[in-house]
Structure formats: C-alpha cells, structure tokens
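Q: Before I ask anything, let me first share the structure, which is written out below as structure tokens.
The values are calculated or read from the model by the stated rules, or taken from the named source; none is laboratory data. Source: prediction; values computed, not measured. No Cβ is skipped: glycine too gets one built from the backbone with ideal geometry, and neighbour counts run over all protein chains shown. Note: areas computed on protein heavy atoms with side chains; ligands, DNA, RNA excluded. Shrake-Rupley method; radii C 1.70, N 1.55, O 1.52, S 1.80 Å.
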Amino acid sequence: MSDHYDVVIVGAGFAGMYAIYRFRKQGLKVVALEAGSDVGGTWYWNRYPGARCDVPSLEYSYGFSEALEQEWDWPEVFSAQPDILRYANHVADRFDLRRDIRFDTRVSAVDFSEEDNVWRLTTEAGDTVEGRFCLMATGCLSVPNTPEFPGADRFRGEVYHTGLWPKDEVDLSGKRVGIIGTGSSGVQAIPELAREAAHLTVFQRTPVYTVPANRKAMRAEVQQEFRDNYRQIREMQQSNAGGVSNFRPVKSVRGRSGQPAPPPAPSAVPAAEPVAPTADSTGILDLSPEQRHQLVRERGLGVLLTFREAYVDLEANEAANAAFRDGIRDLVEDAETAETLCPTTYGLGCKRQVLDRDYYDTFNRDNVTLVDVKANPIVAITETGLSTSAADYELDVVIYATGFDAMTGALLRANITGRGGRRLADKWEHGPVTYLGLALSGFPNLFTVTGPGSPSVLCNMLVAIEQHVNWVGDCIGYLREHGYATIEALPAAEDEWVAHVNEVAEGTMYTTPSCNSWYLGANIPGKPRIFMPYVGGYPRYRQRCEEVAASDYEGFQFR
Ligand code: FAD
Ligand code: NAP
C-alpha cells in the first residue's frame, strides 16, 4: 500500500519548502521527498569555503511572510552559505515544515497512472508514494557534474566536489590542493583555499570575467529601512527583469554620512537586465581604449558591467572585453599568468556574471599556480595527483569545481514517465520542451519549479520560486473548484512557448556562436545545445502566466 497525498513534492530546497507551506495553507495534504538529510537544497549541499549569494540577502529571502521579514537578521549584505542555511532552518522550524518532509529519500522513478490519474513515486529504498499532483522542486543546479578523467578512482588522496561539500570540516592546512574549474564556485573557493592550503594549483580550462563582490556587513539602519519598506520592495521586485528591487536605503545612508546613497553594487542578476547607467551615461564606444582602461583603473572591473550596450552590441561587447583584459593585466603581477587569466574566446554577458573576493590577487601569492588545461588538457588522475599533456602535479587533495548538469539534470534523473508510458527523456531527446517552464504536454498534473523555459536562473530565484509555487497552488485550487481531475499542457501551446523562448534569446550575448555556457547545456558532453532559461524578463513572463490563469488556463486541457 502506498501513502496517498494531494501533492507530492520532490525536493526541500527553498522551492519545496515554500510549496509545503503554500499548499498546506490551501488545505492540501502534502509530503516532500528530499535526498539530503535536511532542508536548504543548494545551501545544504554547497558548503565549500567561500560559498556565498550574489543577490542581496534582504532580496534573496522569502516575501510570503511579513513576520519572517521583520524578525530575521542578516549579518551581511550578501550572505555566506552558513547564514543562508541558518535562514532555511529557521523557516523550517518557524512554519513546522519538517513534519511533512521525508529526508534521505531520493526519488528514482515518477510514473503517471492513467487508470486512476495518480502520480506514483518510487524511492531508491523501494517505497512508493502517491499523489494527485506532483511538483518537481528538484532545483536547477542540484546535479553536480564530475568529468570522468581516466584513473580518477585510483587517486589515493582526498576528493571533493564543491556541490557535494562534506558537512564536517575539511582540513586543508599543510596540503597540496588542486582545484579543477574556474566558474562561480571555483572563483569563490580559490582565494579561501589559497589562504589555507600549503599550495594550491588551479586547473583552468576557460578563464572567467569576474568582478569584486560588494561585500559588507549589514548595518542595522539599512535592514530597518528595508523592513519599513518591504511591501514596496516586493512590488518593485515584481517589475524588475531580474527580480531585484534595487531599492536604495537612502534615508539611513544619508543620515549617516550626509551623502546621497552610493550606486548599486554590481550584482550577477542584472545580467538579465543590463544594468544601471554609468555616472555620466557615456557609452563605451564614446571612449577611446585608453579612456576605458583609465576608467577601469579608477573604478575597478565592475564599472564595465554598467555599459548596457555591451550586452546587446558586439562591437561594444568587444570594447568592454578588451578593457576587462587590460584590467586583469594591471591586477596580476606575472605577465604569463595574467594572459592565461584573460578571457578571449567569448564575451561578457555570455555566462552568468561571476563575483569574487580577491580572485585576481590570489594569483600573486607564492603558493598558487595557474595551469592552462585548455592548452594542455588533463589526461589522467594518478595515484598521487593529476597529469596534463605537459606535466604531472603531485596533490594531496583534488577538488572538482566543475559545475552541474543544469536545469534538466535533476528532472531527467528522476525518470519521469507520463501518459502512454512516454518518458521525459524521450520527449526531451533534442532539448527541453515545456509550457511556461511549468508544465509538460503528456504529463498531466505534474509541474516543474523554475524549469527550462522560465526566467529561473536569470532571476532572483526566491522571487521566481514564490511566483511559480503560487501559480501552481492557484491552478490546483482551480481544478478542485471546477471538479476537474487533470490539467495538461497542449502540444501547440508548448511549441508556441518554446518558439518564443528561442526568439527572445536570439541576438543576445547568451546565444552568440562563441558562447558556451551551462545555460546552453554546453558544459555537458552530448547535451543538446538549447538556451534553456527565458530571457524575456521576469515581469513579462509573470504577466503571461497571469494571463494564462485569468483566461481559464489557455493552452491547457482539462479532464
Ligand atoms: P535546490 O535548492 O537545488 O533544491 C532542490 C532539492 O531537490 C535538493 O535539495 C535536492 O537534493 C533535491 N532533489 C533533487 N532531485 C531529487 C530526487 N530525485 N529525489 C529527492 N530529492 C531530490 N540563485 C540566486 O538567485 N542567487 C544566488 O546568489 C545564487 N547562488 C547560488 C550559488 C550556488 C553555489 C548554487 C549551486 C546555486 C546558486 N543559486 C543562486 C541558485 C540556487 O540554486 C537557487 O537560488 C535556489 O536555492 C534553488 O532552490 P530550489 O529549491 O529550486 O532548488
Ligand atoms: P560552472 O560555471 O559550470 O563552472 C564549471 C567550471 O569547471 C568551468 O570553469 C569549466 O570550464 C570547468 N570544467 C568543467 N568540466 C571540465 C573539464 N572536463 N576539464 C576542465 N575543466 C572543466 O559551474 P559553477 O562554478 O559551479 O557555477 C554554476 C552556477 O551556479 C553559476 O553559474 C551560478 O549560477 C551558480 N553559482 C552561483 C554562485 C554565486 O556567486 N552566488 C556561486 C557558485 C555557483 P569550461 O568553462 O571550459 O567548461
């Protein structure tokens, strides 16, 4: 006998947690199945040194409870992983979420039974759980990617992945550490690892454009100003392409220094909505290369993110890229290392913007070596280290900062089978196809959260998550009210939506031929090259979702 629920939720990260709260409030019987041993998702798994949010925490936080907004203190403006995990735990305690979560429970199959219109989920332990509805809150960046290097299982030292970092403290002192990967995770970890290890060797395949994060302690008066204005701030998030309000705590900043508020920090999110204007609104092509270089010297690399045109115009983009390289050459003392750190094969705006603390400066340390594994690829992991085509490196610890099978990875690994025994893996053979990034034709009553085809990772994810869960909750309410058993996306609506998603991505830096990002699936060998998130902006997307609901779910069929 299976346990039966109104909704079975897979995942207890921020999406699954909010879904429990929201659906319970509607009177639904829910359960969440979570592979990890506790709540928090991303922030439960990614405990690597330096892990940190790139959206201000006062914005990267739930907006569903005013009491929660008023009571939670954020110690820093951009919180570190331990503080975000503490917040997730607080939310779980405060709203008593754990009583509806089964931890250490990985879902290995999700099957639709047409006989009784029920989703039947099987766990790795062999248990089954049934639900009228299924919500896949499985995360966009929850399946770590570990490249298969020959000999990897022979290595006698310690091996870690940033996305599966142990709960117990990892002691790297006195050790020779090698890290593979220089995306956001690698860039955050490298300066911290360099401070701790005897020697750090960084194996870099593609250099990154990274700018310093605006890292600051939270000031009580700034937090208070947010609290005083939270309803307005949540409204502002709803009309911003990246789901961030950019609210400036003018009163408290003025009150302290007598000066107007400073310009907003460069944030990774405005990659979706590039960006605040420069002080004088001069375009990058109005400046000579020397002037651009001078601007970077005066204001740092982050200033290059403020040129909106660099995200939509190739010439402006190349001008910004060249100025960025000039900036790197200023920061890194060894000329050869500086050149290796200069991105040349793709432009700013192709990948998610990376933010760092002391990244370039780390390569000026005596105990750090940069190895270019594009020029000399990794050929093997040995018993005692790692070999490239040019040299052998003796290591005590190998760290993979090699990213994730993003957006589709967790959904495909859950082995979802819909109507007529159709597998999601077959439906998505040539890349993900969804309606609004929320629903799938052939898979009635199953919903995804922040799935491919929705703004998702191009948005402040907490905002995107709440919007999705609310939409799904309302939809389930509608079905119950009208006595329908199932709702299912129509193939034509799905095709139209996918065409729209592709159309808005065309002509952006995200899809230039030189761009190879995980947004495109390009980090996973053999994965179809499709731009997965919706780049049309969160407000436009939200409006479309609202229109669909208001029109009695146009593009869906009911039974
Ligand atoms: P997750 O937090 O990924 O949770 C999904 C959960 O589902 C996981 O706990 C997983 O164990 C579980 N699960 C998956 N498959 C199964 C299965 N088959 N059976 C059972 N359980 C399963 N976003 C931002 O907006 N700003 C940031 O600054 C930011 N920083 C990030 C930093 C890192 C290091 C990473 C990896 C991501 C970051 N993100 C950021 C994106 C982040 O993933 C989201 O902000 C958010 O935490 C996602 O919440 P979620 O609940 O949707 O997914
Ligand atoms: P990532 O951006 O995909 O970076 C993975 C790195 O590993 C890249 O440098 C990649 O090189 C390298 N790599 C992969 N396979 C390799 C191989 N076989 N050999 C050598 N190098 C290899 O992954 P990530 O750094 O974990 O970040 C993923 C996303 O998580 C981010 O974009 C962001 O959305 C989120 N995140 C956010 C933050 C934050 O600041 N808040 C922090 C961490 C993560 P190539 O580029 O050549 O493929």
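Q: Which residue is farthest from the chain's Cα centre (by Cα), if the candidates are limited to the range 333-361 and must be crowded, with 22+ Cβ neighbours inside 10 Å and in a loop (DSSP other than H, G, I, E, B)?
A: The qualifying residue farthest from the chain's Cα centre (by Cα) is G347.
Q: Moving on to the next point. Pairs please, first residue from the range 482-501 and in contact (Cβ under 8 Å) with a residue 40 or more places away in the chain, second anywhere and part of a helix (DSSP H, G or I), Cβ atoms under 7 Å, 6+ apart in sequence or on different chains.
A: The qualifying pairs are I487/C475; I487/L479.
Q: Among what's in the range 100-142 and is open to solvent by 20 Å² or more (accessible area, probe 1.4 Å) and within 16 Å of ligand 2 (Cβ to nearest atom), pick the residue that is farthest from the chain's Cα centre (by Cα).
A: Checked the range 100-142; the qualifying residue farthest from the chain's Cα centre (by Cα) is T138.
Q: Within the range 407-422, take every residue that is assigned to a loop (DSSP other than H, G, I, E, B) and touching a strand residue (DSSP E or B) at 6+ places or on another chain (Cβ under 8 Å) and give me the one that is most open to solvent (accessible area, probe 1.4 Å).
A: N415
Q: Looking at the structure I just gave you, is A92 within 16 Å of ligand 2 (Cβ to nearest atom) and more than 30 Å from R423 (Cα to Cα)?
A: Answer is no for this residue.
Q: Which numbered condition trips up P377, out of (1) in contact with a helix residue (DSSP H, G or I) (Cβ under 6 Å, 6 or more places away or on another chain); (2) open to solvent by 30 Å² or more (accessible area, probe 1.4 Å)?
A: Unmet condition: (1).
Q: Does W45 satisfy being open to solvent by 10 Å² or more (accessible area, probe 1.4 Å) and within 7 Å of ligand 1 (Cβ to nearest atom)? Can you show your working first?
A: Details: open to solvent by 10 Å² or more (accessible area, probe 1.4 Å): yes; within 7 Å of ligand 1 (Cβ to nearest atom): yes.
Spelling it out, W45 is indeed open to solvent by 10 Å² or more (accessible area, probe 1.4 Å) and within 7 Å of ligand 1 (Cβ to nearest atom).
Q: What do you reckon, is G507 in a loop (DSSP other than H, G, I, E, B), closer than 30 Å to V55 by Cα and away from ligand 2 (no atom under 16 Å from the Cβ)?
A: Taking the combined requirement at face value, the residue satisfies it.
Q: For G174, work out the one condition from (1) open to solvent by 20 Å² or more (accessible area, probe 1.4 Å); (2) within 16 Å of ligand 2 (Cβ to nearest atom); (3) over 29 Å from L440 (Cα atoms); (4) among the small types (G, A, S) it doesn't fulfil.
A: All conditions pass for G174, except number (2).
Q: Which of the residues belonging to the range 1-42 are crowded, with 23+ Cβ neighbours inside 10 Å and within 16 Å of ligand 2 (Cβ to nearest atom)?
A: G13, F14, A15, G40, G41
Q: In the range 199-240, how many are closer than 25 Å to G403 by Cα and of a type in the set (G, A, S)?
A: Qualifying residue count, the range 199-240: 1.
Q: Starting from the range 361-377, keep only residues that are more than 18 Å from D330 (Cβ to Cβ), then list their pairs with residues that are of a type in the set (F, W, Y) whose Cβ atoms are within a distance under 8 Å, requiring at least 6 positions of separation or different chains.
A: V371/F203; V371/Y393; V373/F203
Q: Here is a follow-up. Which one of these does A213 not meet: (1) within 16 Å of ligand 2 (Cβ to nearest atom); (2) among the small types (G, A, S); (3) modelled with pLDDT of 95 or more; (4) buried (at least 19 other Cβ atoms within 10 Å of the Cβ)?
A: Checking A213 against (1) within 16 Å of ligand 2 (Cβ to nearest atom); (2) among the small types (G, A, S); (3) modelled with pLDDT of 95 or more; (4) buried (at least 19 other Cβ atoms within 10 Å of the Cβ), the one that fails is (3).
Q: Pairs please, first residue from the range 448-475 and under 14 Å from A549 (Cβ atoms), second anywhere and small (G, A, S) and modelled with pLDDT of 95 or more, Cβ atoms under 6 Å, 6+ apart in sequence or on different chains.
A: Here the result reads V469/A19, each pair linking the range 448-475 to a residue that is small (G, A, S) and modelled with pLDDT of 95 or more.
Q: Do we find that G174 is at pLDDT 95 or above and away from ligand 1 (no atom under 14 Å from the Cβ) in this structure?
A: yes
Q: Within the range 268-288, identify whether any single residue is farther than 13 Å from V211 by Cβ, at pLDDT 95 or above and of a type in the set (G, A, S), and answer yes or no.
A: Within the range 268-288 (the criterion being farther than 13 Å from V211 by Cβ, at pLDDT 95 or above and of a type in the set (G, A, S)), the answer is yes, since at least one residue qualifies.
Q: Tell me yes or no: at least one residue of the range 528-538 is among the hydrophobic types (A, V, I, L, M, F, W, C), within 16 Å of ligand 1 (Cβ to nearest atom) and closer than 30 Å to V208 by Cα. Don't jump to the end; show me each part of the working.
A: Of the residues in the range 528-538, the ones among the hydrophobic types (A, V, I, L, M, F, W, C) are 530-532, 535.
Imposing the further condition that a residue be within 16 Å of ligand 1 (Cβ to nearest atom) reduces the set to 532, 535.
Checking which are closer than 30 Å to V208 by Cα leaves us with 532, 535.
The answer is yes, given that some residue of the range 528-538 is among the hydrophobic types (A, V, I, L, M, F, W, C), within 16 Å of ligand 1 (Cβ to nearest atom) and closer than 30 Å to V208 by Cα.
Q: Looking at this structure, is C545 assigned to a helix (DSSP H, G or I) and open to solvent by less than 10 Å² (accessible area, probe 1.4 Å)?
A: Yes.
Q: Scan (1) in contact with a strand residue (DSSP E or B) (Cβ under 6 Å, 6 or more places away or on another chain); (2) open to solvent by less than 50 Å² (accessible area, probe 1.4 Å) for the single condition S57 breaks and write down its number.
A: Every condition holds for S57 apart from (1).
Q: I would also like to ask the following. Which residues, taken from the range 131-169, are within 16 Å of ligand 1 (Cβ to nearest atom) and either farther than 26 Å from M461 by Cβ or of a type in the set (G, A, S) (or both)?
A: Selection gives G131, A137, G139, S142, G163.
Q: Still on this structure, please answer the following. Has the range 110-125 got any residue that is away from ligand 1 (no atom under 16 Å from the Cβ), among the charged types (D, E, K, R) and under 30 Å from I465 (Cα atoms)?
A: Yes, the conditions are met somewhere in the range 110-125.
Q: Consider the range 362-403. How many of its residues are part of a loop (DSSP other than H, G, I, E, B), within 11 Å of ligand 2 (Cβ to nearest atom) and over 19 Å from T340 (Cβ atoms)?
A: Selection size over the range 362-403: 1.
Q: Give me the residue from the range 60-76 that is aromatic (F, W, Y) and open to solvent by 10 Å² or more (accessible area, probe 1.4 Å) and, out of that set, nearest to ligand 1 (Cβ to nearest atom).
A: So, considering only residues that are aromatic (F, W, Y) and open to solvent by 10 Å² or more (accessible area, probe 1.4 Å), the one nearest to ligand 1 (Cβ to nearest atom) is Y60.
Q: Identify all residues within the range 444-487 that are in a helix (DSSP H, G or I), open to solvent by 10 Å² or more (accessible area, probe 1.4 Å) and more than 16 Å from ligand 1 (Cβ to nearest atom); write none if there are none.
A: D474, G477, Y478, R480, E481, H482
Q: Here's something else I'd like to know. So P528 clears everything in (1) within 16 Å of ligand 2 (Cβ to nearest atom); (2) touching a His at 6+ places or on another chain (Cβ under 8 Å); (3) open to solvent by 10 Å² or more (accessible area, probe 1.4 Å) except one condition, right? Which one?
A: Failing condition for P528: (1).
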